[in-house]
Every structure is written in structure tokens, then in C-alpha cells.
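Only one structure is covered here, and it is reproduced in the block below.
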């Protein structure tokens with residue numbers, strides 16, 4: 001099951017995962033395929049985040065033990081890459097670009113509009129569970145500045161009215177789901 005080591009440690013990690021509502025068995029096919037492949041840690045972390053939505057410490061410990069990688073190295077990789085989340089997020093993750101073009105074109109004001117509308121700060125989950133927003137360094141769509149992504153959709157040339165309409169439309173879709 002896990003790398004050779006402390007059975008009590010393995011059980012403690014699995015208990016922590018269960019307490020978080022994380023079923024470690026869902027990650028088994030990924031670990032069976034990539035667990036012994038050198039250089040596959042990022043792939044495993046990406047797939048784990050896709051399965052669970054975020055990467056809590058207990059899950060990082062589990063992945064490290066299963067792959068025979070020190071927990072400090074796993075945490076270092078997760079901390080280095082902005083794509084990885086250590087906290088749960090709302091159903092819709094807003095990535096707000098704060099790159100130079102977006103900044104110059106008003107991304108700070110857009111951030112305030114988003115925060116006011118969803119009622120929470122960066123990285124937090126809105127009380128209805130529908131949104132989380134995070135600032136990112138660049139979305140790579142400078143010609144659309146200011147821009148944001150929600151899911152796999154990019155929204156550009158943002159202003160107050162556009163942002164509020166987008167958020168309202170997503171809320172309506174969530175209510176109908």
C-alpha cells in the first residue's frame with residue numbers, strides 16, 4: 001500500500017484524509033500508473049488536485065509516502081507552482097490577472113468589484129460556496145486587459161457591468177443545477 005515505514009504513520013495519514021472527506025482510493029489508479037515513474041510528481045499532484053479540488057497537507061504526506069519522496073520535497077513543489085491549491089475553493093474559481101497590462105487597465109478596481117459582489121477576500125470561499133477568487137501573475141491574454149478566467153472560459157475588457165453580469169449569470173446557472 002504505502003512505502004515501507006511506520007504503520008502507525010500510514011494509519012494516521014489515512015485517518016486524517018478520511019476526516020477531511022478524502023477517499024484515498026480515488027487516487028490509486030494515478031499512483032499505480034505514475035507512482036514509480038521518475039519525474040512524475042507534478043503529474044500526480046495535478047491529477048490529485050483534479051480529483052479532490054485541492055491538496056491538503058495530509059494528502060501531500062500520503063502522496064510522498066506512496067512515491068517514496070520526502071514530504072518536504074512534495075510541499076516544496078506545491079508551494080513553488082501557483083497552479084496548486086492548498087485550501088478548498090468554491091464551485092467556480094475566478095483567476096484574476098494582475099499582470100502589467102491588466103494592472104494598468106484597472107485590475108485593482110475589478111478585484112474590488114469581485115470581492116464586494118461575492119462577499120469574501122482572495123482565496124476564501126463565498127458564503128454560498130459558489131465562488132473563490134485568486135489573483136494570478138498573468139493569464140497570457142494582455143490584449144483583453146483587464147481579464148479573468150472562470151473555469152476554462154476567459155473574460156476580457158472587463159468593467160463593473162461586465163463583471164457583475166458574469167457573476168450573476170454563473171449564480172443563476174448554479175441555482176438551476
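Here are a few things to note about the model shown:
- Quarter of Cα convex hull surface for region 7-80, i.e. mean projection, nm²: 4.5 nm²
- Considering all different alpha carbon pairs of region 95-138, the Kirkwood hydrodynamic radius works out to 10.6 Å.
- The angle between the Cα long axis of helix 107-118 and the longest principal axis of the Cα atoms of the chain comes to about 80 degrees, rounded to the nearest 10.
- Between the beta carbons of residue 112 and residue 54, assuming R0 = 30 Å, the FRET efficiency works out to 0.75 to the nearest 0.05.
- Förster-model FRET efficiency, 25 Å R0, residue 6 and residue 43, C-beta, rounded to 0.05: 0.40
- Cα extents for the chain along the principal axes, largest to smallest and rounded to whole angstrom: 57, 34, 24.
- Taking the fewest neighbouring Cβ atoms within 10 Å as the starting point, the ordered list for 152, 19 is 152, 19.
- Dimensions (Å) - region 92-176, Cα atoms, principal axes, largest first: 35, 21, 21
- Our helix-only sum for the chain, with -39,500 (n - 2.57) per DSSP H run of n ≥ 4 divided by its residues, gives a mean residue ellipticity at 222 nm of -15000 deg cm²/dmol.
Read the figures in this text as sums done on the coordinates, not as results from a lab. Here the structure is a predicted model, which means the values were calculated and not measured. Using ideal geometry, Cβ is built from the backbone for each residue, glycine included, and neighbour counts are taken over all protein chains shown.
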